[in-house]
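> Take this structure first; my questions come after.
Computed from the coordinates by the stated procedures, all read-outs in this text should not be read as laboratory data. Being a predicted model, the structure only gives us computed values, none of them experimental. Note that each Cβ is placed from the backbone with ideal geometry, even for glycine, and that neighbours are counted across all protein chains shown.
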Amino acid sequence: MNVCEICPGVFHIEEDYRVYCTLVAGEKSALLWDTGMGRKNLKAFIEARLALPYRVLNSHGHADHIGGNARFGAVCLAREDWPLLPSAPEYALNDLPVGIRFELGGLTAECVSLAGHTRGSRGLLLRERRLLLAGDALNPRMQLLGPEPDSLEALGGTLRTVLDLPFDGFLTSHAPGVLDKAQAEAHLRHLEAFDPDALRPVRLAGETVWRGEWRRGVWRSVFMLSEAARQGFAAR
Ligand SMILES: [Zn+2]
């Protein structure tokens, strides 16, 4: 597995092809953010390199973020996303409430809501690093597919809140490096200027979904919407 130290104590691990987990290590304890696809032994990989106690958190409940959960004894995932788990977990499952803070020793991690991509999407704000771990919630190509996305009003609220948080860049689960906070603003401008008639149908995993794109200068926001989400826009 490729590992990149993004900034002191923050390690972005490519657990599978273009699937990233992040290890956040302070002086006293650590957090593992997501467990990837689960095809490799992430637990053994982490423990060969980390001597600190650590907790395991999931950014949200999609399969490529929880795949390795069963290797760990306990995992925290927002309760709203528990219905996305494929079966009854073989490990202790705990909620990941908004506002909970983890004092890692010289480094604080604070859980924030990033509802949109899923209702239970969470972010982890690392104030001392001015960095947000965002899972899939701010991806440049934002997927709002299946029954699990939150409402578009909730997504707008999330994006406005994100713009007020004290960070400069964010990590996603499917890109190797830090993305600029301005991406969140691009998504918000896209949402505010949204034209449902400009959506184009595309095939994704055997299903027709709807693609909307917004551009200003170098900034681009893409939304991939299910039919239900498209109808939600059209009804506004
Ligand atoms: Zn996802």
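> Assuming R0 = 30 Å, can you tell me the calculated FRET efficiency for the pair Met1 and Arg211, based on Cβ-Cβ distance, to the nearest 0.05?
On the way: r = 32 Å, r/R0 = 1.06.
In this case the efficiency is close to 0.40.
> One-quarter of the Cα convex hull surface for segment 2-234, in nm²? Walk me through the numbers on the way to the answer.
Working: hull surface 48.9 nm².
Averaging across all directions leaves 12.2 nm² for the Cα convex hull.
> Under the definition of Cα pairs under 8 Å and six or more residues apart, what whole-number percent is the relative contact order of the chain? Provide the component values of the computation, followed by the final result.
Numbers: 516 pairs, mean separation 32.0, N = 236.
Here the relative contact order equals 14 percent.
> At Glu103 and Asn41, where each label point lies 7 Å from the Cα along Cα→Cβ, what is the point-to-point distance in nanometres?
Rounded to a tenth, the inter-label distance reads 3.6 nm.
> Now a separate question. Taking only Cα atoms and a 10 Å spring cutoff, compute GNM fluctuations for the chain and point out the largest among Ile13, Ile46, Ile66.
For the chain, modelled as a Gaussian network with Cα springs under 10 Å, the answer is Ile46.
> Using per-residue counts of other Cβ atoms within 10 Å, averaged over each peptide, order 79-91, 113-125, 142-154, 27-39 from highest down.
113-125, 27-39, 142-154, 79-91
> Taking the Cα centre of the chain as origin and charging only Cβ (+1 Lys, Arg; -1 Asp, Glu), how large is the dipole, in debye to the nearest 20?
In total the dipole reaches around 280 debye.
> Would you mind counting up the charge near Leu163? Only other residues with Cβ under 15 Å from its Cβ, with Lys and Arg at +1 and Asp and Glu at -1.
Once positives and negatives cancel, what remains is -1.
> Still on this structure, please answer the following. Hey, what number do you get for the chain at 222 nm if only DSSP H runs of n ≥ 4 count, each worth -39500 (n - 2.57), divided across all residues, to the nearest 500?
Computed ellipticity for the chain at 222 nm equals -5000 deg cm²/dmol.
> Given Cβ point charges of +1 (Lys, Arg) and -1 (Asp, Glu) and nothing else, what value in debye, to the nearest 20, does the dipole of segment 1-123 about its Cα centre take? Walk me through the intermediate numbers first.
Values: 12 positive and 14 negative charges, 24 e Å.
In debye, rounded to 20, segment 1-123 gives about 120.
> Same structure again: Hey, which aspartates and glutamates would be in cross-link range of Lys181, C-alpha to C-alpha under 13 Å, not counting anything within fewer than 8 residues on its own chain?
Counting by Cα, and skipping residues close in sequence, Lys181 has these aspartates and glutamates nearby: Asp164, Asp168.
> On to the next question. How would you rank Val218, Val202, Val98, going from fewest to most other Cβ atoms within 10 Å of each one's own Cβ? Spell out each step's value before the answer.
Values: Val218 8, Val202 11, Val98 14.
Ordered from fewest to most neighbouring Cβ atoms within 10 Å, Val218, Val202, Val98 come out as Val218, Val202, Val98.
> What's the extension gain from Arg79 to Lys28 if we count 0.36 nm per residue and subtract their Cα-Cα distance?
15.6 nm
> Here is a further query. Calculate the FRET efficiency for Arg200 and Leu52 from the Cβ-Cβ distance with a Förster distance of 45 Å, rounded to the nearest 0.05.
The pair Arg200/Leu52 has a calculated efficiency of 0.40.
> Can I ask one more? What does the extension gain come out to for His174 and Trp219, with contour length at 0.36 nm per residue minus their alpha carbon separation? Working shown, then result.
Working: separation 45, 0.36 × 45 = 16.20 nm, distance 1.84 nm.
Length gained, His174 through Trp219: 14.4 nm.
> Shifting gears a bit: Please work out the C-alpha center-to-center distance from segment 131-204 to segment 5-24 and express it in whole Å.
20 Å
> While we're on this one: Quote the FRET efficiency, to the nearest 0.05, computed for Ser87 versus Ala182 with a Förster distance R0 of 25 Å and r equal to the Cβ-Cβ distance. Don't jump to the answer; show the numbers that get you there.
Numbers: r = 40 Å, r/R0 = 1.59.
Approximately 0.05, to the nearest 0.05.
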